[in-house]
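**Q** Quick one: structure below, then a few questions.
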Amino acid sequence: MHELAHVLLEHSGSRVFVTEDGFALRDYNDKQEEEADWLAGSLLLPRTALQHLHYRHVPKETILEDYCVSSNLYEYRIRMTAINRQFRR
């Protein structure tokens, strides 16, 4: 999903170069990587879905399995969407 986000955002490709030792390395644009991470997370776990799941008290493990996402991505989306703060009120 991360790579698809780069395409959707129309990011330029990363630069590839070869070292004197013959290793191929890439030069990444940090801003583009951050944008792609954000969009990929938003596509995989949309805020409205997280709102619904938290309102219904769906266990984290179920969300991870049903949406095929990592615990890290889940925690990132909870933090970025402020879902926990919304439901504390």
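Every number in this text was worked out from the coordinates using simple rules, so none of it is lab data. Just so you know, these numbers come straight off a predicted model, no measurement behind them. Reconstructed Cβ throughout: ideal geometry from the backbone, glycine too, with neighbour counts over all protein chains shown.
**Q** Using 0.36 nm per residue, how much length does the chain from E75 to A24 gain when fully extended, once their Cα-Cα distance is taken away?
**A** Contour length minus the Cα-Cα distance gives 15.0 nm.
**Q** Using only alpha carbon pairs under 8 Å that are at least six residues apart, calculate the relative contact order of the chain and give it in whole percent.
**A** Relative contact order comes out at 26 percent.
**Q** Using the Cα centre of the chain as the reference point, and only Cβ charges (+1 on K/R, -1 on D/E), how large is the resulting charge dipole? Debye, rounded to the nearest 20.
**A** My answer is approximately 840 debye.
**Q** I want to verify a result. In a Gaussian network model of the chain, Cα cutoff 10 Å, which of these has the top mean-square fluctuation: L45, L25, L73?
**A** It is L25.
**Q** Give the residue list of chymotrypsin sites (Phe, Trp or Tyr not before Pro) in the stretch 1-47 that are DSSP loop and have at most 12 other beta-carbon atoms within 10 angstrom.
**A** F23, Y28
**Q** Moving to a separate point now. Between E34 and A49, with labels modelled 7 Å along Cα→Cβ, what's the label distance in nm to one decimal, could you check?
**A** With each label placed 7 Å out from Cα toward Cβ, I get 2.5 nm.
**Q** Same structure again: Fully extended, how many nm does the chain gain between R88 and S14 (0.36 nm per residue separation, minus their Cα-Cα distance)?
**A** Here the answer is 22.5 nm.
**Q** While we're here: Classify the chain as rounded, prolate or oblate from the Cα gyration tensor: take a ≥ b ≥ c as the square roots of its eigenvalues, call it rounded if a/c is under 1.5, otherwise prolate when a/b beats b/c and oblate if not.
**A** Prolate is the answer for the chain, as a/c is 1.5 or above and a/b outweighs b/c.
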